[in-house]
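J.: One structure, as structure tokens, below. Some questions next.
The numbers here are math on the coordinates, done by the rules we state, and not lab data. Nothing here was measured: the structure is a model prediction, and the numbers come from that model. Note that each Cβ is placed from the backbone with ideal geometry, even for glycine, and that neighbours are counted across all protein chains shown.
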2 protein chains.
Amino acid sequence: MEHKEQNECNHYKGLDEETLFMVSQTFKALSDPTRIRILHLLSTRECSVNEITGELSLMQSTVSHQLRFLKNLRLVKFRREGTSLYYSIDDEHVITLLNQMIHHVNHD
Amino acid sequence: MEHKEQNECNHYKGLDEETLFMVSQTFKALSDPTRIRILHLLSTRECSVNEITGELSLMQSTVSHQLRFLKNLRLVKFRREGTSLYYSIDDEHVITLLNQMIHHVNHD
DNA sequence: ATTTAATATGAATACATACTCATATATAAA
DNA sequence: TTTATATATGAGTATGTATTCATATTAAAT
């Protein structure tokens, strides 16, 4: 009970390749100020591309490129309404992680 | 109670510059496979640079460079023991976020 | 004082990425 | 069908970053 020789062979089991890739990709999505601003805005309400562009003072092209990035990772989704595309959050869990990080850097 | 005209002027209040910077920087630390592997290893036990290098099959120089990155963000700390430097986690909250993300990408 | 072992650092390089511009696509209205 | 509006996309560019190599620093041991 008090000695651990029986469990000596105790080498570290790393993360598998696929997990490592998805984790790093998803954190990468959260590592850019522009994408953070877009996600944070969408976490308050659904927005069209134009609304995001206006609210955050970004180029329309920049917003479209970043939304494609976020859509590929299934972090956001969209619906069409006339000629406008309304984007919204598609992964609430990741938004929770973002909010936890925002809270973390502001306190402690 | 049922109409909201009184609170019409409802524009979105974005994140301040400093928060945005720290959040993006911290997520950036978590967005690289090598740094994730190092942090994940350190979350299981304190390690010297040599141990990290051996366990993860990385170049010593690579490990040192990444540890400096993580140390600047105060994600890890170290203590000296002879000529070895033992690194360990200095921000358990960020490790919690990392573990949540690992769990997230493996399930849902 | 030399030597050895552990770690850190600077420079060079190869690669990734964010933005902008110009243009294409798509839907709706006239 | 033409026009207008909204969004997407490809190319170009500038900047950032991860790794490696060579070398410097540091502490311990002889």
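J.: Filter the GluC sites (Glu not before Pro) in region A:1-107 to those in DSSP coil with at most 16 other Cβ atoms within 10 Å of their Cβ, and list the result.
T.: Numbers: sites: A:GLU2, A:GLU5, A:GLU8, A:GLU17, A:GLU18, A:GLU46, A:GLU51, A:GLU55, A:GLU81, A:GLU92; in loops: A:GLU2, A:GLU8, A:GLU46.
Answer in residue order: A:GLU2, A:GLU8, A:GLU46.
J.: Taking the Cα centre of chain A as origin, work out the dipole magnitude from +1 charges on Lys and Arg Cβ and -1 charges on Asp and Glu Cβ, in debye rounded to 20. Don't skip to the end; give the middle numbers.
T.: On the way: 12 positive and 15 negative charges, 130 e Å.
That gives chain A a dipole magnitude of about 620 debye.
J.: A further question on this structure: Using a Gaussian network model of chain B with C-alpha springs under 10 Å, which one of B:LEU75, B:LEU42, B:LEU15 is most mobile by mean-square fluctuation?
T.: Highest fluctuation of the listed residues: B:LEU15.
J.: If you don't mind, another one. Gap in Å between the Cα centre of region A:68-108 and the Cα centre of region B:52-95?
T.: 32 Å
J.: While we're on this one: Taking neighbour counts of Cβ atoms within 10 Å as a proxy for exposure, in what order, fewest first, do B:ILE102, B:ILE38 appear?
T.: Values: B:ILE102 17, B:ILE38 25.
In increasing order of surrounding Cβ atoms, one gets B:ILE102, B:ILE38.
J.: Of A:GLY14, B:THR83, B:HIS107, whose Cα points farthest to the positive end of the dipole of the protein assembly as shown (charges on the beta-carbon: +1 Lys, Arg; -1 Asp, Glu; origin at the Cα centre)?
T.: With unit charges placed on the Cβ atoms, the residue in question is B:THR83.
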